[in-house]
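Here the structure is laid out as structure tokens; the discussion comes afterwards.
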Amino acid sequence: MAIKNASDLLVYKYTTPAQAEITRILVKSTTPFDAVGNFKINAVYKSSGGSSQSYRYNETITFTANTGTNVLNAIKTFLTTGNYSYSSSPGTVGTIGAYKYFDFTSPITGDAPNIFIEAGTSTPEEDAIDINITQDGQDVIYEPVAFSTSASLSMTNDLRDVTTKDSSGFQENAEGLKSFEVSTDALVNFNANVDADAFVEDFRTGNIFDVKFSDRIRNILQNSQIGNEYQYWADGSPVASMSLSYADPFGGFSASRIASPDALDRNFKFIVPNTVMQGFYNHITFYMKGISGGSTGFSMTGDGITTLSIIEGQGTVTSQFGGNQMDITGLSTSEWTRLYIRFGTPTFTSTGTFELKFFPGINGSITSASKIFISSMQVEQNYIPSNGFTSYQDPDDINCYQGDVAVSSISIEAGVEENATYSCTLTGTSQLFKNGLSNELLINTQFYSSGVGSGWATGAGVTIDTTAGTCTLSGSTVSSLLASNSDGSNLAIVADSEYELTYTVSSYTSGSLTIEQTGANLGIPSAVGTHNITYTNNQTTFKIQDTAVATNIVLTSVSLKKVRP
């Protein structure tokens, strides 16, 4: 880890597992709509279309009979097929009083916007539809040790003595068993979630748990790529297009381009569940840049915004419609402008979502040429305005060491006048991970060998040049590159788990790249450069494919690592 201010290094403890949101949709048994037809369902997760993975809005569902059972079966058919992949229960429509119902479980874990239904050609009757959240979705939660006064990480390697008579009088050692310890001192506060009482209970029960020795986490977003973190980005209505992997303000490729194909006021949404925003003074910053031949301004709408201002760079902010729409004009096409959104007192409720809509030009004046760059968003809780603005924290560049531990010792000291303190030592029970990633899963990341046992099984149109260290995907049929083990068997990876993929494209002529997934493949950037993406896998193997069009793409490296929760 780089040299850090000591106050910015903390011990974080895994406290809450990830879980998927469960939504109960209840529909009145008889005459729930004014007529047979269709309605719109919103905030449903889809694994393809628009952005690669996103929450979809304004999706149409058609029903053929004006009964609760028919409407719910139409919803079930829609949500459990066509890349939506929700699961439903009970097996057949359930009954609660005058209502029929199904429970739908999201296909992914994490905070999620709440599903809602609106009129289409048919309008729901009053009180005919009721939607309840029976289980909130949540991400894995790590909480810092409360009121910590010190934190340390130590690693040891018990060397093995391999001295022989041929050692010329010097002791010789070989690598042995490795181990690590994390220790922390803190003030006692039994009301905190991660405190002496929690560690005593772990010691008493022999609990093994996950900890991080980490930089202080300021940005709650977990992915630097704008539009690629499906929990937070969704298609607007009408939807603008979003293209990924443009150059960002910091030398990477995490910026995205929002564009409109016509003169409609299209937009793309940034959505944060209120459970994330609730109880905090929130502060959102992001970067924007104009595009030559496109837009040098954009509009943004959102509820609860106290201030939208420019931190640095060119531009002018004006408000319209009583402050509900903010227009930013005069952006540079060569330099980035950083803006910030500040909210008033923390008044968000525990349900629903907060939404920002980004338009690729000035709302009301959008054309088919409208397009704008957006990059490097940061959502920061407990922001204190008097402290000034914090620098952007790249979620992909937070240094940490992470592993499973058990409490090996804990001591609590209570004096007469001084604060009560405690010291806790946590001993590792398995491997220590750096930055939450596993070891490299691929045995041939730079194409230094080919054939059986090389780590890759190549399909038609794929050529590995071991001298140049390149892999070329070409031709007009689907070409595939399948990861394998040294014995030639397929590399096994875990479905429904997150993976980090890093790869370098050295030459691009035409075509596009995807990762094989069940349902629809996941599109990934094919432009020249090094790309880093995190995705949720639903396959048991790892395969890169091109599309069935004329393709010529050259790769020079591929890396795959499993992401610890």
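Here, each number is a calculation from the coordinates, and none is a lab measurement. Please read all numbers here as calculations on a predicted model, not as lab measurements. Cβ: placed from backbone, ideal geometry, glycine included. Neighbour counts: every protein chain shown.
Work out the length of the dipole vector of the chain about its Cα centre, built from +1 on the beta-carbon of each Lys and Arg and -1 on the beta-carbon of each Asp and Glu, and round it to the nearest 20 debye.
Values: 29 positive and 53 negative charges, 274 e Å.
So the magnitude is around 1320 debye.
Determine ³J(HN,Hα), in whole Hz, for all residues of segment 368-378 in sequence, where each value follows from phi through the Karplus function 6.51 cos²θ - 1.76 cosθ + 1.60 and θ = phi - 60°; x replaces Gly and Pro.
5, 9, 6, 7, 8, 9, 9, 7, 6, 7, 9
Add +1 for every Lys or Arg and -1 for every Asp or Glu among the other residues with Cβ under 10 Å from the Cβ of V563, and state the total. Write down the numbers at each step before the final one.
Working: positive: K561, K562, R564; negative: E498, E500.
Neighbourhood net charge equals +1.
Treat the count of other C-beta atoms within 10 Å as a stand-in for reagent exposure and order C400, C424 from fewest to most. Display every interim value, and only then the final one.
Details: C400 21, C424 24.
Ascending Cβ contact count within 10 Å gives the list C400, C424.
Residue by residue through segment 234-239, what is 3J(HN,Hα) from phi via Karplus (6.51 cos²θ - 1.76 cosθ + 1.60, θ = phi - 60°)? Round to whole Hz and write x for glycine and proline.
Once rounded to whole Hz, the list reads 8, 5, x, 9, x, 7.
Go through [x] 28.4, 92; [y] 26.6, 95; [z] 23.4, 72 and flag the label whose value is the computed Rg and Dmax of the Cα atoms in Å for this structure.
Recomputing Rg and Dmax of the Cα atoms in Å here gives the entry labelled [y].
Taking amide H positions as placed 1.01 Å from N in the peptide plane, with prolines and chain starts having none, which residues 5 or more places from S484, or on another chain, fall under 5 Å of its amide H?
Under 5 Å from the amide H of S484 lie the amide H atoms of G455, W456, A457, L491, each far enough along the sequence or on another chain.
Counting helices only, and only those DSSP H runs with n ≥ 4, report the 222 nm mean residue ellipticity of the chain as the sum of -39,500 (n - 2.57) divided by its residues, in deg cm²/dmol to the nearest 500.
Here the helix-only value at 222 nm equals -1500 deg cm²/dmol.
Could you list which residues have their amide H under 5 Å from that of Q325, counting only those 5 or more apart in sequence or on another chain, with H placed in the peptide plane?
Q320
Restricting the count to DSSP beta bridges whose residues both fall in the chain, what percent are antiparallel, rounded to a multiple of 5? Each step should come with its number before you reach the end.
Values: 169 of 171 bridges.
So the antiparallel bridges in the chain amount to around 100 percent.
Q135's amide H: which non-local residues (gap 5+, or another chain) put their own amide H closer than 5 Å, with H modeled 1.01 Å from N in plane and none for Pro or chain starts?
Amide H neighbours of Q135, under 5 Å, 5+ apart: I22.
If we count GluC sites (Glu not before Pro) as exposed when they sit in a DSSP loop and have at most 14 other beta carbons within 10 Å, what is the longest stretch of the chain that avoids them all? Spell out each step's value before the answer.
Values: sites that count: E125, E126, E172, E335, E417, E418, E440.
Looking at the chain, 173-334 is the longest stretch - no exposed GluC sites (Glu not before Pro) with at most 14 other Cβ atoms within 10 Å.
To the nearest 0.05, how large is the calculated FRET efficiency for T502 and N207 if R₀ is 30 Å and r is the Cβ-Cβ distance? Before the final figure, lay out each step's value.
Numbers: r = 34 Å, r/R0 = 1.14.
For T502 and N207, the calculated efficiency is 0.30.
Please rank D161, D327, fewest neighbouring Cβ atoms within 10 Å first, as an exposure proxy.
Going from sparsest to densest Cβ surroundings: D161, D327.
Which of F78, F373 comes first, and how do the rest follow, when ranked by fewest Cβ neighbours within 10 Å? Please list the in-between numbers first.
Working: F78 17, F373 26.
Final ranking by Cβ density, sparse to dense: F78, F373.
Round to the nearest 0.05 the FRET efficiency obtained for T307 and N419 when R0 = 41 Å and r is the Cβ-Cβ distance.
Numbers: r = 38 Å, r/R0 = 0.93.
Between T307 and N419 the formula returns 0.60.
Which of rounded, prolate, oblate describes segment 456-562, given a ≥ b ≥ c as roots of the alpha-carbon gyration tensor eigenvalues and a/c under 1.5 marking rounded, otherwise prolate only if a/b is larger than b/c?
Working: a/c = 1.44, a/b = 1.30, b/c = 1.10.
Taking the square roots of the gyration eigenvalues as a ≥ b ≥ c, segment 456-562 is rounded.
List, in order, the whole-Hz ³J(HN,Hα) value for each residue of segment 510-523 obtained from phi through the Karplus relation with A = 6.51, B = -1.76, C = 1.60 and θ = phi - 60°; use x for Gly and Pro.
Rounded to whole hertz, the list is 6, x, 8, 10, 9, 9, 5, 9, 5, x, 9, 5, 8, x.
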